[in-house]
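A short worksheet on the structure shown next.
The values are calculated or read from the model by the stated rules, or taken from the named source; none is laboratory data. All values reported here derive from a predicted model rather than from experimental measurement. Neighbour counts run over all protein chains shown; Cβ positions are idealised from the backbone, glycine included.
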Amino acid sequence: MTKFIIRRLLQTIPVLLGVTILVFSLMHLIPGDPAQIIAGEAAPERQVEQIRERLGLNDPLHVQYGTFLGNVVTGDLGTSVRSSRPVADEIGARFWVTVELAVYSTILSVFMGLIAGIVSAVRHYTLTDVAIMVVALFGLSMPNFWLGLMLIQWFAIGNWIPESLQPFLQMRASGWGDDWRQVILPVITLGTAGAAIIARMTRSSMLEVISQDYIRTARAKGVKERVVVYQHALKNALIPVVTVVGLEFGALLGGTVLTETIFAINGMGRLTIDAIRQRDFPVVQGTVLVISVLFVMVNLLVDISYRFLNKRIDLN
Amino acid sequence: MNSSENILEIRELRTSFFTDEGEVKAVDGVSFELPRGKTIGIVGESGSGKSITALSILNLLAKPGEIKGGEIRFKGENILTYSEKQMREIRGNDISMIFQEPMTSLNPVYTVGQQIMESIRIHQGLNKREAKLKAIEMLKLVGIPSPEKRVDQYPFELSGGMRQRVMIAIALSCNPDMLIADEPTTALDVTIQAQILDLIRELQNKLNMSVMMITHDLGVVAETCDYVAVMYAGQVVEFSDVRTLFKNPRHPYTVGLLNSLPRHDIEQEKLKPINGTVPSPHNMPKGCRFAPRCPFATELCRESLPELVADENNNQIRCWIYSDEWDGDPEVNVHDSEERTAKG
Ligand SMILES: Nc1ncnc2c1ncn2[C@@H]1O[C@H](COP(=O)(O)OP(=O)(O)OP(=O)(O)O)[C@@H](O)[C@H]1O
Ligand code: SF4
Ligand SMILES: [Mg+2]
């Protein structure tokens, strides 16, 4: 197991290097002179030259990459060309907002998805099962920005909302506030698709496991049906679900852009969009890099936990 | 035979599967009995209903399966009338079962010890520590080396033979009165097969168990069983003690099975497999189910189903030849293979 973890850690090194190369190339892949683009069409040549100098764009590419990598490794993500603040600080302020959003949404997904999936599996081919699966299919097919817009509309239009629910609508300008209710709509928006995926996965996994020989063995021992389903079967059925949950969480970290925009949440997604709009390349590079590294790390954890849970996999 | 001497008596058991294509009568009027402390072999081709009979005894049938009628008397009580809770107390405690597939019959996410301890804790109410000691003792009993270490291992760390020993340890951990072994050695290689059979026999004597041994290997029957029930298409066609069955098989199907077995005691040019195949459950013959394949079949056989009839030694047969109504050659000899080839 330790050997596996070490090997898996080593394997992420080339992946992370690849990520830095891609992120570094971002600036050079767009057609035209990045300094000119940052400065704007009409900017005087002296200003463009200044930007070029500041970003080190005059050095040969490999030197530029070396500097970039060195800076990244030491935690220096450069400086925003708009706010002149360090990119790391810009991201730091928004990072936890997005992580929190992703964590809450994942918790919602897991909670709803597991319950729905287990109920569906235990009652398979009944009306309950069919109903749950139809809702899940719906939840899965809905684009989440659309769901977000619908939720806002349902809550906002018609003024039927009682006083106590008003905070649902007060979107925030930065970070999370003091009222948990403000979190609910965006979390529902982000968590619904995940809940649907987890519900479907749990159901099919449970149904597969419940027909296995070892379940019959458990019954033949005189184990209560409740224990057979919620221990013998569920413990096996959850192994593939763990992977899905992890991947879902990883996807959420990078997938909050539209939801953050709709609900005016100042997270990483919004930061990226604003930076793109303002052609603030260092910030774009920084956010993409942070999200990618997070994604790789989450996948690594998923892999290790999957291996840990699934003792059936040959360790060689 | 007096019923109190029988640990198990099955009467006219009928079990069906209700599928989209209609009712599949997997077990259709099975009757036999098992005297206490003895071993009965259930033999028959694939699909004859052996496993379904066994699962019916423990009421462990999977979804579209359902027991339609008959009686299963265990220690004199008809357990078909038992509630689910009463059945749970019997399972793994009074009657245990081991299965054909040792590779998949153990839960991969629990240790061997946890799986043995589970039945001990359910049925004997021991605490964790006591149950673990008992689990180690059981592993020792079934001949697993260094049981103190094995007890904490997961199934994937064990070979097929070892896993089947663990299954036996689970099955015997609560001193059951009866063990049902559904083809316990089919998936194992030959030397391991012999070891497992020896183990079952040895523990049977030690613990004074009755055993129901399901197999399609007549060699296994000859070695381990006291009685044999031969099943064909969901019914018992012949039941007798093992010596009588091998010396003087009476049902044409039994004769066919024995002829398809390699024998060392007589000279034999080649094996004679039974012609034809098992009838489809959707298209059962009206009369004797073996009639389409039987070299002796007559009009009577094709028209009506013979009853299972017992003689004074309680040897039972389901075949018209042994009845007064028999309308074929009165001198018929089921052992005459010339006649078989001529007619069949
Ligand atoms: N789940 C099921 N659905 C429908 N029919 C079934 C089902 N399970 C078993 N059957 C029917 O029951 C019959 C008997 O099956 P059973 O498993 O008892 O055979 P068997 O004698 O144990 O054969 P084998 O030697 O292959 O184990 C089969 O021929 C099949 O038609
Ligand atoms: S009843 Fe007739 S068909 Fe059936 S086994 Fe006997 S002789 Fe053959
Ligand atoms: Mg079988």
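Restrict the check to the range A:24-32 and report whether at least one residue is farther than 23 Å from A:Leu77 by Cβ, at pLDDT below 85 and either in contact with an Asp or Glu (Cβ under 8 Å, 6 or more places away or on another chain) or not assigned by TED's automatic domain parsing to the domain that holds A:Leu309 (or both).
yes
With respect to the numbered conditions (1) touching a residue at least 60 places away in the same chain (Cβ under 8 Å); (2) surrounded by fewer than 16 Cβ atoms within 10 Å (Cβ to Cβ), which one is the sole condition not fulfilled by B:Glu89?
(1)
Residues of the range A:231-241 being more than 7 Å from every other protein chain (Cβ to nearest Cβ) and either free of Cβ contacts under 8 Å to residues at least 24 places away in the same chain or touching a Phe, Trp or Tyr at 6+ places or on another chain (Cβ under 6 Å) (or both), which ones?
A:Gln231
If we only count helices (runs of 4 or more DSSP H) wholly inside the range B:204-317, which ones have 2 or more residues that are out of contact with any His (no Cβ under 9 Å at 6 or more places or on another chain) and among the small types (Gly, Ala, Ser)?
Details: elements: B:218-224, B:242-247, B:252-259, B:299-303.
Hits in the range B:204-317: B:218-224.
So A:Ala43 clears everything in (1) closer than 30 Å to A:Val245 by Cα; (2) of a type in the set (Gly, Ala, Ser); (3) surrounded by 14 or more Cβ atoms within 10 Å (Cβ to Cβ) except one condition, right? Which one?
(1)
Of the residues in the range B:130-160, how many are within 14 Å of chain A (Cβ to nearest Cβ) and more than 30 Å from the chain's Cα centre (by Cα)?
Number of matching residues: 3.
Just one of B:Ile72, B:Ile57 is closer than 17 Å to B:Ile95 by Cβ, more than 8 Å from ligand 1 (Cβ to nearest atom), over 13 Å from the mean Cα position of the chain (by Cα) and not small (Gly, Ala, Ser); which is it? Break it down into steps so the answer makes sense when it comes.
On the way: B:Ile57 fails: over 13 Å from the mean Cα position of the chain (by Cα).
Just one listed residue meets the conditions, B:Ile72.
Condition test on B:Ile10, is it away from ligand 3 (no atom under 16 Å from the Cβ), of a type in the set (A, V, I, L, M, F, W, C) and closer than 30 Å to A:Val227 by Cα?
Answer is no for this residue.
Since B:Asn127 meets every condition but one in (1) more than 13 Å from chain A (Cβ to nearest Cβ); (2) in contact with a helix residue (DSSP H, G or I) (Cβ under 7 Å, 6 or more places away or on another chain); (3) over 18 Å from B:Gln195 (Cβ atoms); (4) modelled with pLDDT under 95, which condition does it not meet?
(2)
Out of the residues in the range A:197-228 that are closer than 19 Å to B:Gln86 by Cα and surrounded by fewer than 20 Cβ atoms within 10 Å (Cβ to Cβ), state the one that is farthest from the chain's Cα centre (by Cα).
Looking at residues that are closer than 19 Å to B:Gln86 by Cα and surrounded by fewer than 20 Cβ atoms within 10 Å (Cβ to Cβ), I get A:Lys224.
If we keep just the residues of the range B:275-290 that are out of contact with any helix residue (DSSP H, G or I) (no Cβ under 8 Å at 6 or more places or on another chain) and touching a residue at least 60 places away in the same chain (Cβ under 8 Å), which is nearest to ligand 1 (Cβ to nearest atom)?
Taking the candidates together, the pick is B:Pro281.
Which one is farthest from the other protein chains (Cβ to nearest Cβ), of the residues in the range A:202-219 that are closer than 15 Å to A:Val244 by Cα and small (Gly, Ala, Ser)?
The qualifying residue farthest from the other protein chains (Cβ to nearest Cβ) is A:Ser204.
For residues that are at positive phi and within 11 Å of ligand 3 (Cβ to nearest atom), scanning just the range B:26-67, find the one that is modelled with the highest pLDDT.
B:Gly49
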